[in-house]
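Everything on this sheet refers to the single structure shown next.
The values are calculated or read from the model by the stated rules, or taken from the named source; none is laboratory data. Keep in mind that this is a model prediction, so the values were computed, not measured. Cβ coordinates were reconstructed from backbone atoms using ideal geometry, including for glycine residues, and neighbour counts include every protein chain displayed. Areas reflect the complete protein model, heavy atoms only, side chains present, ligands, DNA and RNA absent. Shrake-Rupley method; radii C 1.70, N 1.55, O 1.52, S 1.80 Å.
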Amino acid sequence: MVPDINLLPQLEKRADSPKLFYSLLILVVGIVLTYLVFLYFTAKSDLSMLLEEEQSLTTQVEQLQQELDAKQSVNQGSLEESMHFVQSVSYPVSPLMDEAQKLLPAYSKLRSYEFGQDSINITVDFESMPDISKYVERLLGSLYFTDAQINSLSNFYVQVGAEQELTPEQKFKEIPRYSVSITATVDQMYLAGGRSS
């Protein structure tokens, strides 16, 4: 048998460091390219979505502008119509205020007026219930009014001082006052004639 003798020096292969470096470089470039492709498609979908939203908002702005133009043209007409309406239904209020004040019974206080298209709302404080019926009867008898109706009635006690609290006996002896809201319908024909009662 022949002995296996190798007289040549042993040469080991060196690890190729450039291959490892290039592998890592290719891997990093691949990851970066993959990330850039992902960003590209994400940005592309976001861009298309934003373009659709811009188109939708542009359409909405155009619709709102058309509605605004329509309403402005309507408002101009309605302002003129409102002026004509106010001029056609306006009536002198001084005779009505004087008449409402003049018809009040003694110890009554007229609190407020509120004028409507064909009626006047009057708020009055009365001392007693018969005074309320007298006042409504006088309004019905007035030539300025065709009808008078009581809307609401509430009672209250007159406070002497804010810090002075009444005892139950004092409250029992004190007569409550009445606050009444009355709607009186105006006689437009009589008022237009300018007559005074």
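What the table shows:
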quantity: Selected residue (only one of Ile120, Ile132 is open to solvent by less than 100 Å² (accessible area, probe 1.4 Å), closer than 30 Å to Gln188 by Cβ and assigned to a strand (DSSP E or B)); calculated: Ile120
quantity: Matching option when the condition is in a helix (DSSP H, G or I), modelled with pLDDT under 75 and either touching a Gly at 6+ places or on another chain (Cβ under 7 Å) or open to solvent by 100 Å² or more (accessible area, probe 1.4 Å) (or both), among Gln66, Gln55, Gln87; calculated: Gln87
quantity: Boolean, Tyr40 is at pLDDT 90 or above and open to solvent by 90 Å² or more (accessible area, probe 1.4 Å); calculated: yes
quantity: Checklist (1) polar (S, T, N, Q); (2) modelled with pLDDT of 90 or more; (3) open to solvent by 30 Å² or more (accessible area, probe 1.4 Å); (4) within 38 Å of the chain's Cα centre (by Cα) applied to Gln159, failing item; calculated: (2)
quantity: Residues (loosely packed, with under 11 Cβ neighbours inside 10 Å and at pLDDT below 90) located in the stretch 90-115; calculated: Ser90, Pro92, Ser94, Ala106
